[in-house]
Structure formats: C-alpha cells, structure tokens
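Student: My questions will all concern the structure given below.
No value in this document is a laboratory result; all are computed from the given coordinates. Everything numeric in this text was worked out from a predicted model, so none of it was measured. No Cβ is skipped: glycine too gets one built from the backbone with ideal geometry, and neighbour counts run over all protein chains shown.
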Amino acid sequence: GAVVSQHPSWVICKSGTSVKIECRSLDFQATTMFWYRQFPKQSLMLMATSNEGSKATYEQGVEKDKFLINHASLTLSTLTVTSAHPEDSSFYICSVIDGGLAKNIQYFGAGTRLSVL
Amino acid sequence: KNQVEQSPQSLIILEGKNCTLQCNYTVSPFSNLRWYKQDTGRGPVSLTIMTFSENTKSNGRYTATLDADTKQSSLHITASQLSDSASYICVVLNYGGSQGNLIFGKGTKLSVKP
C-alpha cells in the first residue's frame, strides 16, 4: 500500500489565489519531508526540505515567501503556493524517507498537478 | 559538477522484447544509486537501490547493474509488458558528512507497444 499520501492530485485555480498541498506519511513518523517540482519532460527538482518543528530549508532560487511550508506534525507537511501565477503551473511531489537518506528508500507521493489560469 | 546522464532519452519497443537503459554519473562522493519508475502523472516508485559494493540487483523483471569504476549503471527490463510504459529515472545519492543530496537524471521514457 501507499506509504505517502498527497492531496489533492489535481488543482486548477485562478491567478492570484493560494493553493495548499498536503503530504502525509502513512506508515511511519517522518521528521523530514522533501518537496519537489517537476516541469514537463524535466527531472525532479528539489524545492525545499521540510523539518518537523522547525523552519524549512529552501534550495537556491526558491522563494520561501511564495512557497510556504509547514511541517507541524511527524506525519503531515503542507506546501502552500501563495498568489499563484501561470508560471507556477507544475507537478509538485513530496517524499519521505524512513530513517537516514544513505540507507533507506525514498518514498514519493503521487504528486499534485497545479494548473494556474 | 555532480551530474547524472541517462540514455536514450526515449525508447519504443514491442511487447515481449527486452531493453536496457543506461545511466552515467559524475557524482562524488557517491553513496548509492537508485532506479525509479514514474508513470505519467504519478510520483516515482522505487525499483532498486544499489550501494558501491553491489554489482547487480534484481526486482522481478527488472535487473540493475552498477560499475562503480566506470560510474555507469544500467537497468535491464526482460519480457516487457504494456504496463512497463513509463519514465525510468536514475538517481544518485551524493553523500558527504552529514548532508546528502539526491542527483536526478532526466529519465528515459519507455513506450511498450502491442
């Protein structure tokens, strides 16, 4: 069964609105979750690392005020795309690891396709 | 520069045939290499994970090989099925000290035709 649950799977919104994406770890407590973005025919690009109980770590070039991450519990992280614009349209994927990254498989959510009109 | 290059970019094969996908990397320090299958519009699903000392690992009809000397890996799919149509992504873990970074390849898009 699924290890990571991501919701919604598809969202269409008007430009200027905010969209929240949820990522839940179903099988274990995840102190760290990752958020990726994938454009068509491109590889996954890490946006930020979400840490439970502390601030997220953002990759270079990713606006932390635009992509708000909240990791309030050991099983839930949320990504909010604030004031979304058409260029934010993409496939957003979260992932969790069970234990250390060096030894364990990284489990991915099913992804959320965001279309901003 | 840490990079993962995959070839071919896309591949079309007939159902029942075998195929091999390639992955070359220039990642240091190297920790492990993973192959993922990503169906269209879905998140990646792990197929294999290989460490430095492992040369080959199988998962059903999928067999991955790793040559750490030449920094090459391959994913061989045997007796392909229509459901194998997907993108296959090679990912290398660059792990130094307490930090780790996953370096993603762009993937090979496989289409299996009846």
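Student: Return the aspartates and glutamates within reach of B:Lys37: Cα separation strictly under 17 angstrom, same-chain partners fewer than 8 residues apart disregarded; answer none if there are no such residues.
Tutor: B:Glu5, B:Asp84
Student: If you don't mind, there's one more thing I want to ask. Report the gain in length on full extension from A:Gln60 to A:Glu87: 0.36 nm times residue separation, minus Cα-Cα distance, nm rounded to one decimal. Walk me through the numbers before you get to the answer.
Tutor: On the way: separation 27, 0.36 × 27 = 9.72 nm, distance 1.77 nm.
Taking A:Gln60 through A:Glu87 to full extension adds about 7.9 nm, to one decimal.
Student: Continuing with the same structure: Most exposed first by the Cβ proxy, i.e. fewest other Cβ within 10 Å, how do B:Ile13, A:Ile12 rank?
Tutor: Numbers: B:Ile13 16, A:Ile12 11.
Fewest-to-most Cβ neighbours within 10 Å comes out as A:Ile12, B:Ile13.
Student: Considering the options B:Gln72, B:Ser7, B:Ser83, tell which one lies farthest towards the positive end of the dipole of chain B, charges being +1 on Lys and Arg and -1 on Asp and Glu at the Cβ, about the Cα centre.
Tutor: Going by the Cα projections, it comes out as B:Ser83.
Student: For B:Lys1, go through the lysines and keep the ones whose alpha-carbon is under 23 Å away, minus same-chain ones fewer than eight residues off.
Tutor: A:Lys41, B:Lys71, B:Lys106
Student: In nm, to one decimal, how far is the modelled label at A:Phe39 from the one at B:Gln81, with both set 7 Å along Cα→Cβ?
Tutor: Between A:Phe39 and B:Gln81, the simple spin-label model gives 3.6 nm.
Student: With +1 on each Lys and Arg Cβ and -1 on each Asp and Glu Cβ, how big is the dipole of the range B:44-114 about its Cα centre, in debye rounded to the nearest 20? Don't jump to the answer; show the numbers that get you there.
Tutor: Working: 6 positive and 4 negative charges, 55 e Å.
With only Lys, Arg, Asp and Glu charged at Cβ, the dipole is about 260 debye.
Student: Turning to a different aspect of this structure: Can you spot the lysines whose alpha carbon is less than 22 Å from A:Lys55's alpha carbon? Ignore those fewer than 8 places along the same chain.
Tutor: A:Lys20, A:Lys64, A:Lys66
Student: I'd like the Karplus ³J(HN,Hα) series for the range B:19-29: coefficients 6.51, -1.76, 1.60, θ = phi - 60°, whole numbers in Hz, and an x wherever there's a Gly or Pro.
Tutor: Listing the rounded values in order: 8, 10, 10, 10, 9, 10, 9, 10, 10, 8, x Hz.
Student: How much net charge surrounds B:Leu47 when only other residues with a Cβ under 12 Å from its Cβ are counted (Lys, Arg +1; Asp, Glu -1)? Walk me through the numbers on the way to the answer.
Tutor: Numbers: positive: B:Arg34, B:Lys37, B:Lys57, B:Arg61; negative: B:Asp84.
Here the charged neighbours net out to +3.
Student: Taking 22 Å as R0, compute the FRET efficiency from the Cβ-Cβ separation of A:Phe28 and B:Asp39 and round it to 0.05. Intermediate values should be presented prior to the final figure.
Tutor: Details: r = 24 Å, r/R0 = 1.09.
For A:Phe28 and B:Asp39, the calculated efficiency is 0.35.
Student: Below 11 angstrom from the Cβ of B:Ala79, what's the summed charge of the other residues (Lys, Arg +1; Asp, Glu -1)? Before the final figure, lay out each step's value.
Tutor: Values: positive: B:Lys17, B:Arg61; negative: B:Glu15, B:Asp84.
So the environment of B:Ala79 carries a net charge of 0.
Student: Sticking with this structure for a sec: Cα centroids of the range B:61-91 and the range A:7-49: how far apart, whole angstrom?
Tutor: Each part reduced to its Cα centre gives a spacing of 26 Å.
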